[in-house]
Amino acid sequence: MGSYFLNEHHMKVSQPFLFDKLSSKTSRSFWRGALVRDVELLLNDAARSGQLHLDNYPWCKNSVLNFGLPSLSRQLPVNADALTIAHHIHSIIVLFEPRIDPRSIKVTPVVEKRQALVLALLFDINGWSVIPELQAPISLRIALDYSCGAVSII
């Protein structure tokens, strides 16, 4: 059952069920916003598999244990390999974000001489949305903060 709230007439009204939310007509900006939000959440989650001994369980590689980026806490900013991190970002988007065509996803480290975010690595993520309501190119720039491992879309 859905949750309830009181409307302006103080009547108990149920929230829409998941099917209603998914089947309702929504704008392209809604779909793009949802996709951007979910990519940011994905990149801000930490993959747990690096802490576990899963050598005998190869199918775990594609499970929710790997949802998110590997921890960067043991890497110093001067030693961070942007290409390796770009590869990890690419892999998890391919694996966990079905709304972007996996063949179209490109993740590229960005080097800017006048970068405002000193303790961050920048990456461009490009791909093609396969959402029927939003079949369009997707371009995002993310900043990966060294100090805490947080990712933000800029």
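The values are calculated or read from the model by the stated rules, or taken from the named source; none is laboratory data. Being a predicted model, the structure only gives us computed values, none of them experimental. Positions of Cβ are backbone-derived with ideal geometry, glycine not excepted, and every protein chain shown enters the neighbour counts.
What are the residues in the range 97-136 that are small (Gly, Ala, Ser) and either without any contact (Cβ under 8 Å) to a residue 12 or more places away in the chain or within 20 Å of Ile85 (Cα to Cα) (or both), if any? Step through it out loud before you land on a result.
From the range 97-136, those small (Gly, Ala, Ser) are 104, 116, 120, 127, 129, 136; that's our starting set.
The answer is Ser104, Ala116, Ala120, Gly127.
Conditions tested, residue by residue: (1) modelled with pLDDT of 80 or more; (2) of a type in the set (Ser, Thr, Tyr); (3) over 13 Å from the mean Cα position of the chain (by Cα).
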position	(1), (2), (3)
Trp59	no, no, yes
Gly68	no, no, no
His90	yes, no, no
Arg99	yes, no, no
Ser104	yes, yes, yes
Lys113	no, no, yes
Gln135	yes, no, yes
Ser147	no, yes, yes
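Among the residues of the range 92-110, write down those that are of a type in the set (A, V, I, L, M, F, W, C), in a strand (DSSP E or B) and surrounded by fewer than 18 Cβ atoms within 10 Å (Cβ to Cβ). Spell out how you get there, then give the answer.
Kept after step one, since they are of a type in the set (A, V, I, L, M, F, W, C), are these residues of the range 92-110: 92-96, 100, 105, 107, 110.
Next cut, in a strand (DSSP E or B) only: 100, 107, 110.
Within the range 92-110, Val110 is the sole residue that qualifies.
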Test for Ser129: is it polar (S, T, N, Q), in contact with a Leu (Cβ under 8 Å, 6 or more places away or on another chain) and at pLDDT 90 or above: yes
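Please go through the range 32-54 and give me each residue that is more than 14 Å from the chain's Cα centre (by Cα) and at pLDDT 70 or above, ordered by number. Spell out how you get there, then give the answer.
We begin by selecting, within the range 32-54, every residue more than 14 Å from the chain's Cα centre (by Cα); these are 48-54.
If the condition is that a residue be more than 14 Å from the chain's Cα centre (by Cα) and at pLDDT 70 or above, then His53, Leu54 are the ones that fit.
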